[in-house]
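The values are calculated or read from the model by the stated rules, or taken from the named source; none is laboratory data. None of these values were measured; they are calculated from a predicted model. Here the Cβ positions follow ideal geometry from the backbone for every residue, glycine too, while neighbour counts run over all protein chains shown.
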Amino acid sequence: MNISQAVAMRIRELLKEKNLTQYRLEQNAGLSHDTVKSIMKGKAKGVNLKTLVAISDGFGMTVSKFLDSDLFLYDNLNMD
């Protein structure tokens with residue numbers, strides 16, 4: 001999987017774990033619906049650091065904690 005797909009999967013995991021809606025995440029993160037929708041639908045070509053920081057903030061965690069998942073292990077990502 002690529003990085004954008006891994007981010008989308010991690011968002012899904014955390015939404016379920018924290019019992020949040022995508023709308024609430026968007027509000028908490030200060031991100032537009034189109035930005036989050038693009039990530040979640042796999043249409044984003046990548047996720048920049050600024051967006052990743054906002055998403056992490058939206059979940060009330062650091063970027064390090066957000067990335068603390070096997071989804072982001074080098075062997076699990078397609079880096080092409």
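Can you pull out every residue in region 64-80 that is part of a helix (DSSP H, G or I) and either surrounded by fewer than 14 Cβ atoms within 10 Å (Cβ to Cβ) or among the hydroxyl-bearing types (S, T, Y) (or both)?
S64, K65, D70, Y74, D75, N76
Only one of (1) modelled with pLDDT of 95 or more; (2) surrounded by 11 or more Cβ atoms within 10 Å (Cβ to Cβ) fails for E17. Which number is that?
Status for E17: all satisfied but (2).
Which ones in region 64-80 are in contact with a Lys or Arg (Cβ under 9 Å, 6 or more places away or on another chain) and among the polar types (S, T, N, Q)?
S69
Hey, can you tell me all the residues within region 5-60 that are more than 9 Å from the chain's Cα centre (by Cα), of a type in the set (V, I, T) and part of a helix (DSSP H, G or I)?
If the condition is that a residue be more than 9 Å from the chain's Cα centre (by Cα), of a type in the set (V, I, T) and part of a helix (DSSP H, G or I), then T35, V53 are the ones that fit.
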